[in-house]
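The values are calculated or read from the model by the stated rules, or taken from the named source; none is laboratory data. All of these numbers come straight from a predicted model, not from anything done at the bench. In this analysis, Cβ positions are derived from the backbone assuming ideal geometry, glycine residues included, and neighbour counts consider all displayed protein chains. Heavy atoms of the whole protein, side chains included, go into the accessibility calculation; ligands, DNA and RNA do not. Shrake-Rupley method; radii C 1.70, N 1.55, O 1.52, S 1.80 Å.
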Amino acid sequence: MQALLGRDLLAIGQLNPSELELIIQTALSFKRDGTPALLDGKTIAMLFEKPSLRTRVSFEVGMKQLGGSAIYLSQSEVGLGQREPVEDVARVLSRYVSAIVARTYAQQALVDLAEAADIPVVNALSDDEHPCQALADLLTIREKKGGLKGVRVAFVGDGNNVSASLAVAAGLAGASFSIASPSGYSLPEAIVRDARNWATRTGGSIETYSAPEEAVRDADVVYTDVWTSMGQESTRRQRLEAFTGYQVDLGLMALARPDAIFMHDLPAHRGEETVDSVIDGPQSVVFDQAENRLHAQKALLALIMGEGS
Ligand code: CP
Ligand code: NVA
């Protein structure tokens, strides 16, 4: 467990392939054999600037199952960077708890928290990345497809926090990742570069397209996320227009392999990025995927906070 002890997880690219594999293996073992009370008596603080269902509940339940506890703190209580400086919040929480799990708008707020804290900081979603989601996504693909190397993962939609973390995670795991996004909504170049750098070392690949049909052809996994993320509501109208033609419907699913699975991090905006017949259909694994947030995060917490931290 030493490899990750005391570490932050602000972006998925902070892990190397063997660390990622260790988290997935630990999650599989907790899921199969039960969860040891590795965090007996430890507490995490959960600082959330944005709403959450899965992330909040899975971290809180996960800490409880590991023998510890979690304290949820909303932005209206803490006023991160408003009521007091981010760095002071980090220094104070370091005196009370063993890790900070934070959902912020700015990635920089996480970096500032991590620099000032004496304890691990975990990104629970920022505007740039959603690394805990990517851990659960890979765990789900591993379970459903029996492995990760060479698995063809197609993402249709926004080059956002979820697809950014998934692209880099796929590169780390040696998967073949393709993404189709409309002009102006593609993945940041730095993410494509990082993902490709890992892919060249792991035997994976990263391809970017504009046509959804090209990304999805013969895919093992078809993944989508909302077109309007939290904090982008004022641009919803433009986004609805830009993403016309990017909906994952049964016609698009038919271009993937017949045994392809459909994934979505949730919450879904049904009728926009996908439709009931897909998300509620036989290929959908979205609720197994949501459950895996719990298993993947318990593994992460045990590895970064276990043994004397
Ligand atoms: N997928 C996910 O992070 O969901 P919440 O926003 O509900 O936590
Ligand atoms: N891209 C979405 C993910 C929600 C879990 C958002 O940031 O709102």
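Before moving on, here are some points about what is shown:
- Helix 189-202 and the long axis of the chain differ in direction by around 90°, with both axes built from C-alpha atoms.
- Accessible-area composition of the chain, carbon plus sulfur, in percent [1.4 Å probe]: 49
- Total lysine pairs in the chain at Cα distances under 14 Å, for residues eight or more apart or on different chains: 4.
- Take every Cα pair under 8 Å whose residues are at least 6 apart in sequence, average their separation, divide by the length of the chain, and the relative contact order is 21 percent.
- Size of electric dipole in region 133-289: Cβ of Lys, Arg +1 and of Asp, Glu -1, about Cα centre, debye, nearest 20: 480
- In degrees, nearest ten, helix 107-116 long axis to first principal axis of the chain (Cα): 20
- Computed extension gain for D88 through T200, at 0.36 nm per residue and net of the alpha carbon distance, reaches 36.2 nm.
- Here L139 sits with roughly 0 square angstrom of accessible surface, probe radius 1.4 Å.
- Heavy-atom accessible area per residue - the chain, 1.4 Å, Å²: 40
- Each part gets one Cα centre, and for region 55-119 versus region 222-269 those centres are 30 Å apart.
- Neighbourhood charge, 15 Å Cβ-Cβ cut-off, centred on E115 and excluding it, Lys, Arg +1 and Asp, Glu -1: -3
- In the chain, the longest principal axis of the Cα atoms and the axis of helix 17-33 are about 80 degrees apart.
- Protection proxy ranking of 45-53, 294-302 - average other beta-carbon atoms within 10 Å, highest first: 294-302, 45-53
- Computed Kirkwood radius, in angstrom, where 1/r is averaged over Cα pairs of the chain: 19.4
- MRE, 222 nm, helices only [DSSP H, n ≥ 4, -39500 (n - 2.57), over the chain, to nearest 500]: -13000 deg cm²/dmol
- Mean separation of Cα contacts under 8 Å, 6 or more apart, over the residue count of region 215-309: relative contact order %: 32
- Most positive-pole-ward Cα, Q133, A3, Q289, against dipole of the chain from beta carbon charges: A3
- This model, with +1 at the C-beta of Lys and Arg and -1 at the C-beta of Asp and Glu, gives region 1-89 a dipole about its Cα centre of some 380 debye.
- Residue-wise HN-Hα coupling along region 210-223, computed from phi with Karplus coefficients 6.51, -1.76, 1.60 (Hz; x: Gly, Pro): 9, 8, x, 4, 5, 5, 8, 3, 6, 6, 8, 9, 10, 10
- Whole-number percent relative contact order across region 28-91, with pairs defined as alpha carbons under 8 Å at least 6 apart: 36
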